[in-house]
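Enquirer: First the structure, then my questions, so here it is.
The values are calculated or read from the model by the stated rules, or taken from the named source; none is laboratory data. Since we're looking at a predicted model, the values are computed, not measured. In this analysis, Cβ positions are derived from the backbone assuming ideal geometry, glycine residues included, and neighbour counts consider all displayed protein chains.
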Amino acid sequence: MKTLLFALALALALTTFIAPCAVAQSGLVTVPSKYSVAETTDRLEAAVKSEPGFLIFGRIDYVAIAATQSAKIRPSQLLLFGRGGALQSLLSAAPTLALDLPLKALVWEGEGGKV
């Protein structure tokens, strides 16, 4: 499973940097999960951490944020990750890439309960 999650993370990274036209047309890549939002995000985080040089920069739990405002939303979490070593060359060549970095993976539960 770790390999599958890393493949997902790598696919997202490659899609962002190698095929910007394909990403611009669809906006995002979705992959269904058989796990809950929290477990899917935990598994993705573990897969990213297991790869040399990759770091987790943050994890945002939107349900927790909504709860501070007495609101309820379906489960969703955002994982921010990447390899800091590539930043200097990437941002020197194209400063606007900073809008797309770090890499992000949003895990959410849809109306039908599917993650």
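Enquirer: Is there any pair linking a residue in the range 79-108 that is part of a loop (DSSP other than H, G, I, E, B) to one that is of a type in the set (V, I, T), with Cβ under 8 Å and at least six apart or on different chains, and which?
Expert: D100/T16
Enquirer: Also, quick follow-up: If I filter the range 71-94 for residues that are of a type in the set (S, T, Y) and in contact with a Phe, Trp or Tyr (Cβ under 9 Å, 6 or more places away or on another chain), do I get at least one hit? Walk me through it before giving the result.
Expert: Pass one, the range 71-94, residues of a type in the set (S, T, Y): 76, 89, 92.
Among the residues that remain, those that are also in contact with a Phe, Trp or Tyr (Cβ under 9 Å, 6 or more places away or on another chain) are: 76.
Scanning the range 71-94 turns up at least one residue that is of a type in the set (S, T, Y) and in contact with a Phe, Trp or Tyr (Cβ under 9 Å, 6 or more places away or on another chain).
Enquirer: Identify the residue in the range 59-78 that is touching a residue at least 12 places away in the same chain (Cβ under 8 Å) and among the aliphatic types (A, V, I, L, M) and, among all such residues, is farthest from K114 (Cα to Cα).
Expert: Of everything passing the filter in the range 59-78, I60 is farthest from K114 (Cα to Cα).
Residue by residue, here is whether (1) loosely packed, with under 10 Cβ neighbours inside 10 Å; (2) modelled with pLDDT under 65; (3) out of contact with any strand residue (DSSP E or B) (no Cβ under 7 Å at 6 or more places or on another chain); (4) part of a loop (DSSP other than H, G, I, E, B) holds:
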| position | (1), (2), (3), (4) |
| --- | --- |
| L8 | no, yes, yes, no |
| L12 | no, yes, no, no |
| F17 | no, yes, yes, no |
| C21 | yes, yes, yes, no |
| E39 | no, no, yes, no |
| E45 | no, no, no, no |
| P52 | yes, no, yes, yes |
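Enquirer: If you don't mind, there's one more thing I want to ask. Do we find that L90 is over 24 Å from Y35 (Cα atoms) and either basic (K, R) or surrounded by 14 or more Cβ atoms within 10 Å (Cβ to Cβ) (or both) in this structure?
Expert: Considered against the rule, which asks whether it is over 24 Å from Y35 (Cα atoms) and either basic (K, R) or surrounded by 14 or more Cβ atoms within 10 Å (Cβ to Cβ) (or both), L90 comes out as yes.
Enquirer: Further question on the same structure: Taking the range 58-67 as the search range and keeping residues that are among the hydrophobic types (A, V, I, L, M, F, W, C) and under 16 Å from V107 (Cβ atoms), which one is surrounded by the most Cβ atoms within 10 Å (Cβ to Cβ)?
Expert: V63
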